[in-house]
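Beneath this line is the structure, given in structure tokens, with notes to follow.
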Amino acid sequence: MGTDLGKGYALMATALFSSRYPEKQVKFINRGIGGNRVKDLEKRWQEDCIALRPTWVSIYIGINDTWRRFDRDDPTSVEAFAEGYRRLIVRTKEELDAKLILVEPFVLPVPEDRKRWREDLDPKIQAVRELAREFQTLYVPLDGLFAQASTQTPPDYWAPDGVHPSPAGHALIAKAWLDAVKA
């Protein structure tokens, strides 16, 4: 339990951090579950975060709060998203002495219909930015980084479906995460 870091950015960031700082012997745990939304994360926060007593907590959630609006007609309002996210942060700060890293969600225009998602995702990204500012957390600005990367290389190179990163996209995330923690 907790030893599988997946095959993406979490594994890459762990490998790079651990190789740079072997003396720290940091233990990384990936509790991400594909398809989850803020409301799902809230339901499992005690078991998957608080009970583990981490000293750092990285939260990367949000694209599925948008995606479900478009594929299942099951939207998450910006208010519900921000309130749920806020509860995660507050609970973490109240129950743990952990530093927080917030990772903003992103979407690229692949396929073309993903452009419509901006109307739903952009306010959620803004909510995450405001929470990072309010709670003085570290912040990883993925949407901007992917947009910038896509000016030089086609968006599908970074995320073939506009959401799920390619290996290069995962490396972009890992590097941005490491930059945020100054590793």
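The values are calculated or read from the model by the stated rules, or taken from the named source; none is laboratory data. Nothing here was measured: the structure is a model prediction, and the numbers come from that model. Methodologically, a virtual Cβ is constructed for each residue, glycine included, from the backbone with ideal geometry; neighbour enumeration extends over all protein chains shown. The accessibility values were calculated without ligands, DNA or RNA, using every heavy atom of the protein model including side chains. Shrake-Rupley method; radii C 1.70, N 1.55, O 1.52, S 1.80 Å.
Filter segment 118-145 down to the residues that are touching a residue at least 40 places away in the same chain (Cβ under 8 Å), open to solvent by less than 50 Å² (accessible area, probe 1.4 Å), under 13 Å from the mean Cα position of the chain (by Cα) and over 18 Å from Trp67 (Cα atoms) and list them by number.
Val140, the sole residue that qualifies.
Counting only residues that are open to solvent by 60 Å² or more (accessible area, probe 1.4 Å) and β-branched (Val, Ile, Thr), which one in segment 5-42 is farthest from Leu131 (Cα to Cα)?
Per the criteria, the residue is Val26.
For segment 29-47, give me each residue that is over 17 Å from Glu94 (Cβ atoms) and either in contact with a Gly (Cβ under 9 Å, 6 or more places away or on another chain) or of a type in the set (Phe, Trp, Tyr) (or both).
Ile29, Asn30, Arg31, Gly32, Arg37, Val38, Lys39
All but one of (1) out of contact with any Phe, Trp or Tyr (no Cβ under 8 Å at 6 or more places or on another chain); (2) crowded, with 17+ Cβ neighbours inside 10 Å; (3) under 15 Å from Asp65 (Cα atoms) hold for His164; state the number of the condition that does not hold.
In the conditions (1) out of contact with any Phe, Trp or Tyr (no Cβ under 8 Å at 6 or more places or on another chain); (2) crowded, with 17+ Cβ neighbours inside 10 Å; (3) under 15 Å from Asp65 (Cα atoms), His164 misses (2) alone.
What's the total number of residues in segment 69-85 that are outside any helix (DSSP H, G or I) and either β-branched (Val, Ile, Thr) or surrounded by 19 or more Cβ atoms within 10 Å (Cβ to Cβ) (or both)?
Qualifying residue count, segment 69-85: 1.
Which condition number does Asp74 fail, the rest of (1) in contact (Cβ under 8 Å) with a residue 12 or more places away in the chain; (2) under 18 Å from Lys43 (Cβ atoms) being met?
(1)
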